[in-house]
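So the structure is just underneath, and the comments pick up after that.
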Number of protein chains: 2
Amino acid sequence: MDQSFGALARTLKAQQAEALDAVGDVIVDHLSSSVPLIPEVARHLIGAGGKRLRPLMTLSAASLCGYEGEGHLQLAAAVELIHAATLLHDDVVDDSALRRGLRTANVVFGNKESVLVGDFLFARAFELMVKTGSLRVLDILSRASCTISEGEVLQLETQANPATSEEMYVEVVRAKTAALFSAATQSGAVIAAADPAQERALAEYGMNFGIAYQIVDDALDYEGTEDEIGKSVGDDFREGKMTLPLILALAQARNAEEKRFWHRVIAGGERTPDDFAQARRLIARDDLVGQSLAEAQRYAEAAADALSVLPPSPLRDTLEGLALSSFVRSA
Amino acid sequence: MDQSFGALARTLKAQQAEALDAVGDVIVDHLSSSVPLIPEVARHLIGAGGKRLRPLMTLSAASLCGYEGEGHLQLAAAVELIHAATLLHDDVVDDSALRRGLRTANVVFGNKESVLVGDFLFARAFELMVKTGSLRVLDILSRASCTISEGEVLQLETQANPATSEEMYVEVVRAKTAALFSAATQSGAVIAAADPAQERALAEYGMNFGIAYQIVDDALDYEGTEDEIGKSVGDDFREGKMTLPLILALAQARNAEEKRFWHRVIAGGERTPDDFAQARRLIARDDLVGQSLAEAQRYAEAAADALSVLPPSPLRDTLEGLALSSFVRSA
């Protein structure tokens, strides 16, 4: 049986197929607006697909905790809308041109439209959470939303900064990505009225899974092809984003010339395609993508371990497998 | 006694001085972040002052409804944070350079920083609302936040569009500005557990006051000086914003030449300082600012009327006076 990350993500989708469809309906309902451009921009992004990992986390957590109501559908939709809002703003902030294999909304519709529609989606997410009737869910997700923007600002500050440490990088990843995964799983537990130990375990799973997931995503920017990763290869490099392969490369440079190269391409404003090719060569030589994946493995294992307090089930197995396959290079 | 809008705004501040100070403390507490740039950007905007009209609306509404708790402080702070978030995003969307007499955050810190710190403030506002423990407050303000972004997108669509009608303009104003005033007053009533008639009256007051306020603000862009209005004069004109004086000018043009002028400067990408001077001349000749203020008057009077169901008090008088002075040109 195929135990790759992609295969397990599909298994998870299949295990939650009915609920996920219902979440899709909730989302479509809540994109409606008297201003037609809003659903148009939102559908461009949300309709482009994506793995729906975050809403799946919410649905799975609620399900693992024995939830039988329907509030998790609204909650999962809210989580996906928050994610979509951050993507719209991210692509403006990063000047990205490609996402999920399609031109980004900022390119198709404009930066201004992306900022405003992001705001709309964010507000709609909170409207949806109100409908769940749970103040704790609102508390968890409003805090996570704060943390996400803190992570984004911190990332902006580390950009093109050769002094960025591995700790700072993990801090950025924890805030900008893992906080939402953790809020997604924790709020799923909360809506299911899980006991505190289960709620904590699911929050832990989401946090550690999210960190692993982002480290892997960042590392593959130095190894994958455009087809594999669905976005322009080398985007992070061009923007001077201080992700783990770059931090390791600077720390492990073998001589003064290599050190100069890394300093120049990190701090310098211009990074040519030749620079990127050279960066990939050096990163491949020392297997820094592999070193990054090994770092991701620590978090992935912590995620899988956290699930042990939950009752065994096929769904728990899938979540565990998803974490443990996240850092494995696909064949 | 000075019954000008400015004087009455100061009276309102004085009547709510203690509460407003406490709101300031709540705001400062909630700007703190592990990422120092966030409070820096936020303070640049919020510290620049402003009339604090929106939090004053919340405090006043709660007070008029006999509220004696402290939740209105958090609520008023949340309202001001939502307002601040929209200002940060607005200034990015409008490429504004000056606000409240100071350089805008997007100019001082950058567009990316303004987008992300706006997101942070918005999320913090929801965190604060959760602390009030009132789901209805969260419902009202999340809906208002949706409406605000709808209004902003609609405004973007009417920009440089000579077909924009007065009705569309009022729709934009209602959504982008008045919805938050209305949510501010209504949620103040809700937290005070006001009866439905009082809650409705305060929502009405906020809505109509907000419409009048924005119509006046837009009209003065064709009459005031930079010192008077605290932002660059003619910004709306340069951006092709379809505000009431421009809509009236196009509708009331006296001959083909004037019509051509208006079409050219509205639809055309370039609007020179000479164009602005000519626009001001024509607008002054037909007193289109006066006509706009007369339109504002209708809403201001509806706002004042709405207050009649509330028990008489000096505070009610001030709110009534504030509405009724909003459309009067200062001497």
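The values are calculated or read from the model by the stated rules, or taken from the named source; none is laboratory data. All of these numbers come straight from a predicted model, not from anything done at the bench. Cβ sites come from the backbone with ideal geometry, for glycine too, and all protein chains shown count toward neighbours.
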Problem set entry | Test result for B:ALA197, crowded, with 23+ Cβ neighbours inside 10 Å and either part of a helix (DSSP H, G or I) or in contact with a Leu (Cβ under 7 Å, 6 or more places away or on another chain) (or both) | no
Exercise. Which one is modelled with the lowest pLDDT among residues in segment B:1-60 that are of a type in the set (D, E, K, R) and outside any helix (DSSP H, G or I)?
Worked result: B:ASP2
Exercise. So is A:VAL93 at pLDDT 95 or above, touching a helix residue (DSSP H, G or I) at 6+ places or on another chain (Cβ under 7 Å), of a type outside the set (Phe, Trp, Tyr) and not assigned by TED's automatic domain parsing to the domain that holds A:GLY188 or not?
Worked result: no
For this session: Considering every residue within segment A:159-171, establish whether at least one is within 10 Å of chain B (Cβ to nearest Cβ) and touching a residue at least 40 places away in the same chain (Cβ under 8 Å).
Result: yes
For this session: Mind telling me which of the residues B:SER187, B:SER149, B:SER145 ends up being at pLDDT 95 or above, within 14 Å of chain A (Cβ to nearest Cβ), buried (at least 24 other Cβ atoms within 10 Å of the Cβ) and under 28 Å from B:GLU270 (Cα atoms)?
Result: B:SER149
Exercise. If a residue has to be surrounded by fewer than 12 Cβ atoms within 10 Å (Cβ to Cβ), closer than 30 Å to B:ALA201 by Cβ and of a type in the set (Gly, Ala, Ser) to count, how many in segment B:272-316 make the cut?
Worked result: 1
Exercise. Hey, among the residues in segment A:123-141 that are buried (at least 24 other Cβ atoms within 10 Å of the Cβ) and of a type in the set (Gly, Ala, Ser), which one's nearest to the other protein chains (Cβ to nearest Cβ)?
Worked result: A:ALA123
Problem set entry | Given (1) farther than 16 Å from B:LEU319 by Cα; (2) more than 14 Å from chain A (Cβ to nearest Cβ); (3) in contact (Cβ under 8 Å) with a residue 40 or more places away in the chain, index of the condition B:GLU18 fails | (3)
Exercise. If you check A:GLY24, A:GLY101, A:GLY49, A:GLY69, which single one turns out to be within 22 Å of A:LYS241 (Cβ to Cβ) and more than 10 Å from chain B (Cβ to nearest Cβ)?
Worked result: A:GLY101
